[in-house]
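This report refers to the structure that appears directly beneath it.
The values are calculated or read from the model by the stated rules, or taken from the named source; none is laboratory data. The structure presented is a predicted model; accordingly, all values stated were derived computationally and were not measured. Glycine also receives a Cβ, built like all others from the backbone with ideal geometry; neighbour counts cover every protein chain displayed.
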Amino acid sequence: MDKIKRLLEKEVLKRNSKNELTLDRPDPLLVATKYKDEYIALICALFAYGNVNQIIKFLHSLNFKLLNENDDKIRDGLQNHYYRFQKSEDIIQFFITLKTLKQKYVLEDIFYQGYKIKQDVTDGLKEVISLIYDINTYRSRGYEFLIGKIPGKKISSPYKRWNMYLRWMVREDNIDLGLWKKIDKKDLLIPLDTHTFKISQKIGLLKRKTYDFKAVMELTKALRFFDANDPVKYDFAIYRIGQEKLLD
């Protein structure tokens, strides 16, 4: 385990650089960093599935100023936009939902209401996702895929995109934004994607064979052994190791 920790610590130092976020080294955080806004960052995180170059291309096509406009202008501005499972109406309704939320709420405050009781990030996510669904009655397969299910007593989803968003918001370095100040980074969970899942298995940090929430908890626990105060600091490094096929 010492050898693995040395490898990861080396990669963390190497990756903690603005040079990791360029068009040549694409990541959705590249777009979120430009705006430093919790609502725009949420859009960037929730659309972060699929090919990374296509994600960046789509995010660059969005006019985030629409979050401050009325419903008609949002509809006009997004009527020709679509992304994988999301049709134009899904994206329009998502912007309308976030616009309505932004007028009334600070996302960090909503999240904190659930989180503060047990310092459990899934309780915070339950508050945020529940409110998103309460704000707008619109439903479709694409819309619900984008937002995700409300966490219940039994959680199976890894909540990769949401946990990535929390990493961006809570951690602060040359990569992550650190816009939220009420949440302790020690409580964050690993944003488990296919790269981190496979690499973590390969280097012996993860034994579970199923890509699910139990795998998230197992890997987060292993990383807390390396750094109990900031286990998710290793996420971006592990992701890049997998993305760049450094261990193949």
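Of Leu66, Leu78, Leu21, Leu62, all but one fail to be of a type in the set (A, V, I, L, M, F, W, C) and under 23 Å from Val170 (Cβ atoms); the exception is Leu21. Exactly one residue among Lys73, Lys18 is at pLDDT below 95, over 27 Å from Pro158 (Cα atoms) and of a type in the set (D, E, K, R), and that residue is Lys18. Could you grab me the full set of residues in segment 169-180 that are in contact (Cβ under 8 Å) with a residue 12 or more places away in the chain and over 10 Å from Val232 (Cα atoms)? Residues satisfying the conditions are Met169, Val170, Asp173, Asn174, Ile175, Asp176, Leu177, Leu179, Trp180. Mind telling me which of the residues Leu179, Leu146, Leu188 ends up being more than 23 Å from Ser88 (Cα to Cα), crowded, with 19+ Cβ neighbours inside 10 Å and not polar (S, T, N, Q)? One residue alone meets the criteria, Leu188. Filtering Ala48, Ala41 for residues that are out of contact with any Ser or Thr (no Cβ under 6 Å at 6 or more places or on another chain), under 22 Å from Leu192 (Cα atoms) and assigned to a loop (DSSP other than H, G, I, E, B) leaves a single hit, Ala48. Checking each residue in segment 195-217 for being farther than 11 Å from Pro158 by Cα and surrounded by fewer than 18 Cβ atoms within 10 Å (Cβ to Cβ) picks out His195, Lys198, Gln201, Lys202, Ile203, Gly204, Lys207, Arg208, Lys209. Restricting Asn19, Asn80 to those that are more than 18 Å from the chain's Cα centre (by Cα), outside any helix (DSSP H, G or I) and of a type in the set (S, T, N, Q) reduces the list to Asn80.
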